[in-house]
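The values are calculated or read from the model by the stated rules, or taken from the named source; none is laboratory data. It should be emphasised that the depicted structure is a prediction, and the values quoted were computed from it without experimental measurement. So basically every Cβ, Gly included, is an ideal-geometry build from the backbone, and we count neighbours across all protein chains shown.
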Amino acid sequence: MPVRVRLVVASALMLFTELMLIRWLGANLLNLAYFSNIVLLGSFLGIGLGFLMAKPGRRSPWWFPASLAALVVLVVVAPDGIDRSGSDLIYFTAIQTSSGFPPVVTLGIVFAAVALVMTGPGLLTAQCFLELPRLDAYRWDLVGSLIGTVLFAVMSFLSAPPLVWSLVLAAATLALVRTPRWAVWPTTAVVVLVMLWGSLQGAIWSPYYKIDTIFRTVDAPDGSTYQGVSVLANGIPHQSIVPIAARVNAQSFYPIPYERRAGTALDDVLVIGAGNGSDVALALRNGAKHVDAVEIDPRIHDLGVAYHPDHPYQDPRVTSYITDGRAFLHNTDRKYDLVVFALPDSLTLVAGSNQLRLESYLFTQEAAENVRDVLKPGGTFSMYNFYREPWLVGRLANTASAAFGHAPCVDTYANQSAVITVGLAEADQKCPAPGSNATTVASVDGPGPVHDDRPFLYLRTPSVPATFLLTIGVILLLSLLAVRWVGGPLRRMTPYADLACLGAAFLLLETRAVTWSALLFGTTWVVNAIVFAGVLVVVLLAVEVTRRLPRRPSRPWAFALLAATLLLAWLVPVSWLLSLPLPVRVVAAVAIAFGPVFASNIVFATRFDDAPDPTSSFAANLLGAMVGGCLEYVALVVGYPALIGVAALLYLAAFLLGPRGSRAATAAPATAVTG
C-alpha cells in the first residue's frame with residue numbers, strides 16, 4: 001500500500017475507532033453517559049504513546065485488535081453502576097443506585113483500556129509520518145481524519161448498528177495490521193462477533209442513544225387491556241408509551257399545566273421534549289387546536305408514530321419538528337397560548353464537552369426569556385419532571401421568576417416530581433389556595449438561575465465536584481507513568497513544551513466552538529458533526545496555505561494574528577449573534593469560532609515543519625491536548641466564555657517557551673487526530 005494511502009487509512013481508522021468507542025462505551029457504561037470525555041482523553045494519551053513508540057522498521061501493532069476485543073468483552077461481562085448518593089450534582093439515571101465498581105475505578109479502567117487500544121492506530125499513523133515530509137504527512141493525516149469523521153456521522157444518520165461499525169473497523173485493521181495472523185484475525189473476529197451479538201438484541205441506535213423497547217400487556221382501570229411499551233435509553237428507563245387516559249389520574253401531575261392557566265383560549269401549544277407523543281396527546285385531549293411538537297431524537301419520535309395507541313403524531317392538528325428545543329425557540333415566528341417543557345432530561349452529554357447535556361441550554365434564564373417572547377397575551381409556560389432534589393425545583397422556580405418578573409405556581413409531589421407554571425402576567429396563572437401541595441416561589445428554597453455562559457443546571461454551586469477532581473488526578477498520574485514507561489526520560493519531549501501548551505489551548509478552543517455552536521444552532525448531532533468536520537477542514541486549509549506561502553510568517557506576527565482572533569472571540573457577545581437572522585448568524589459564527597483555529601494552525605504548521613523529531617513533537621502536542629481536556633472542567637466554575645482566557649494564557653506560555661527565531665511557533669492539531 002503506498003505510504004500516503006496507508007496514512008489516510010490509518011488516520012481514518014484512528015478517528016473512526018475513537019468515535020466508535022465514545023458511542024459504544026457510552027451506551028453500555030452508565031458512568032460514561034456523564035463522563036464521555038474520559039474516552040476522548042484516553043484516546044489522546046493512546047495516540048500520543050503510539051507516536052512515542054514509532055521508529056523505522058517497527059512491527060505493526062498486533063495488540064490493537066487484541067486489546068479492543070478484551071475491552072468490548074470486559075464491558076459486556078463486567079457490572080456497571082453510578083453513585084447517586086450525593087445531592088449537589090444530579091444524575092438522571094434510574095431512581096435506585098445500581099451496583100458496580102466505584103465511579104473512579106470504572107473511569108480509570110476505561111481510560112487505561114482506551115489508551116492501550118488507541119496506541120495501535122496512533123503507531124500506524126506515526127510510522128507514516130517517519131516516511132514523509134512533515135507537512136505532507138500532516139495534510140494526509142487530516143484528510144484521513146476527515147474521512148473517518150464523516151463516515152461515522154453518515155452511519156449515525158442511517159442508525160447503523162454496531163455490527164456495521166465493527167465490519168468497517170475490521171476491514172481497515174486487516175488491511176493495515178497483517179502479522180502475526182494468529183493474533184490479528186481471531187481477535188478482530190471477536191470484536192465483530194461481540195458487536196453482532198449486541199446487534200441481534202434488537203436495540204435501535206439513534207444519533208444519541210442505544211434504545212431498547214420492552215412490550216407488555218397492561219390492564220386498564222376499566223377492565224380493558226392495552227399494549228404498553230417501555231423505552232430504555234442506554235439501558236436506563238427513559239419513557240413509557242401508554243394511552244393518555246392511563247397516564248392522567250388524580251395523583252398525576254400531567255393535567256396541572258392546563259389547570260393553572262387563567263385563560264380559556266388554547267389555539268396553539270408548543271411541546272418541547274415531545275418524546276413518543278404522550279404530552280402531545282394530552283394537549284389535544286385538553287382542546288388544543290394546533291400543537292407544535294419538538295423532539296431532538298428522531299428514533300424516539302418514530303417509536304411514538306409506530307406504537308402510541310392515541311396516534312398523536314398522525315393527528316392533522318400536530319406538526320412535528322426534529323430539532324433542539326432552544327434552537328426552535330430562537331427561530332420560530334409563531335406565538336403560543338401554552339409552552340410546555342415535557343420531561344426534557346437527557347441521559348447523555350454533547351459530544352466534545354465534559355458537562356454540557358442535550359438540554360442544558362433549555363433551562364437557563366435566557367431560555368426562559370425566549371419562552372416569554374413566544375407567548376401570546378394571556379399565555380403560560382409550564383415545565384415538569386421528576387427533579388430528584390428540592391433545590392433543583394427551587395432553582396427552576398427562581399429562573400421562571402427572574403425571566404417573567406413574578407412568582408410562578410409550584411406544585412410539588414412526594415415522588416420527587418414537580419410542576420412549575422408561570423403566566424406571561426401574574427393574572428394569567430391560577431395558583432391554588434394555601435394548604436394544597438402547590439406553593440409559590442417564595443417558599444421554595446434553591447440557588448439562583450443558571451445562565452448561558454454557565455449552563456450547569458444540575459450542579460448546585462460553581463465548583464468541580466470531588467469525583468471529578470479525583471478522576472482527573474487518576475488520569476494525570478496514569479498518563480505520567482505511561483509516558484515515562486513508553487517514551488523513556490521525559491526530557492525527550494522537553495524541547496516541545498510549547499507544543500504541549502498549544503495542544504492544551506487548542507482543545508479548549510475546540511470545546512468553546514462546540515458549546516458556542518450548540519447555543520447558537522442547537523445541541524443536535526448534526527450541529528456537532530458539522531463543527532468537528534469544519535474544524536478539520538479549517539486546519540487542513542491552514543496547512544495548505546502554509547505550504548504554498550512563498551515566505552513563512554514570522555513568529556511574532558503569527559502570534560499577533562492569533563491574539564487578534566482570540567480577542568475578537570472574547571469580545572463578541574453571544575446575545576448579539578442570537579439577535580442576527582440565521583444566515584447572517586451562520587457566517588458571523590463561523591468567522592469568529594474558526595478564526596483562532598485557522599490562525600493557530602498556520603503557526604503550528606510552520607513550527608511542526610521545523611521540529612527535529614516529528615513523532616516526539618506530535619506526541620507532546622497530543623499529550624498537551626489531553627491536559628487541555630482536564631482543564632475544561634474549569635468551566636464548571638468560571639463558565640465557557642472564560643475558556644478563551646485560559647487558552648490565551650496557554651498560548652502566551654507557548655510563545656515564551658518556544659524557540660527564538662524568525663519562524664512561527666505553534667498551535668495544536670488536536671482535532672486532526674480526534675475530530
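Brief remarks on what is shown
- Qualifying positions in the stretch 256-294 - under 33 Å from the mean Cα position of the chain (by Cα) and in a loop (DSSP other than H, G, I, E, B): 273, 274, 275, 276, 277
- Within the stretch 497-520, considering residues that are among the aliphatic types (A, V, I, L, M) and surrounded by fewer than 24 Cβ atoms within 10 Å (Cβ to Cβ), the one farthest from residue 452 (Cα to Cα): 497
- Restricting the first member to the stretch 397-408 and to residues that are farther than 10 Å from residue 365 by Cα, and the second to residues that are hydroxyl-bearing (Ser, Thr, Tyr) and modelled with pLDDT under 90, the beta-carbon pairs closer than 7 Å and six or more apart or on different chains are 407/440.
- Residue that is modelled with the highest pLDDT, among those in the stretch 370-397 that are within 16 Å of residue 414 (Cβ to Cβ) and in a strand (DSSP E or B): 384
- Matching residues, the stretch 49-66, being touching a Gly at 6+ places or on another chain (Cβ under 7 Å) and closer than 16 Å to residue 112 by Cβ: 49, 50, 63, 64
- Residues within the stretch 597-635 that are surrounded by fewer than 24 Cβ atoms within 10 Å (Cβ to Cβ) and among the basic types (Lys, Arg), tallied: 0
- Qualifying residue in the stretch 570-591 (condition: within 19 Å of residue 658 (Cα to Cα), assigned by TED's automatic domain parsing to the domain that holds residue 641 and touching an Asp or Glu at 6+ places or on another chain (Cβ under 9 Å)): no
- Tally, over the stretch 293-320, of residues that are over 13 Å from residue 277 (Cβ atoms) and touching a strand residue (DSSP E or B) at 6+ places or on another chain (Cβ under 6 Å): 2
- Residue among 489, 465, 447 that alone is touching a Lys or Arg at 6+ places or on another chain (Cβ under 8 Å), modelled with pLDDT under 90 and either buried (at least 20 other Cβ atoms within 10 Å of the Cβ) or farther than 24 Å from residue 604 by Cα (or both): 447
- The number of residues in the stretch 319-340 being of a type outside the set (A, V, I, L, M, F, W, C) and either assigned to a helix (DSSP H, G or I) or within 20 Å of residue 297 (Cβ to Cβ) (or both) comes to 10.
- Yes/no for residue 517 being over 29 Å from residue 151 (Cβ atoms), touching a residue at least 12 places away in the same chain (Cβ under 8 Å) and not in a loop (DSSP other than H, G, I, E, B): no
- From the list 593, 542, the one residue that fits, being surrounded by 14 or more Cβ atoms within 10 Å (Cβ to Cβ), touching a residue at least 12 places away in the same chain (Cβ under 8 Å) and farther than 22 Å from residue 639 by Cβ, is 542.
- The stretch 345-359 - residue that is at pLDDT 75 or above and over 14 Å from residue 524 (Cα atoms) and, of those, surrounded by the most Cβ atoms within 10 Å (Cβ to Cβ): 355
- Qualifying residues in the stretch 565-595 (those that are of a type in the set (Ser, Thr, Tyr) and not in a loop (DSSP other than H, G, I, E, B)) - the one nearest to the chain's Cα centre (by Cα): 575
- Residues that are in a strand (DSSP E or B) and hydrophobic (A, V, I, L, M, F, W, C) do not occur anywhere in the stretch 242-255.
- Qualifying residue in the stretch 219-237 (condition: among the polar types (S, T, N, Q), surrounded by 14 or more Cβ atoms within 10 Å (Cβ to Cβ) and either part of a helix (DSSP H, G or I) or assigned by TED's automatic domain parsing to the domain that holds residue 28 (or both)): no
- The single residue among 604, 598 that is at pLDDT below 90 and assigned to a helix (DSSP H, G or I) turns out to be 604.
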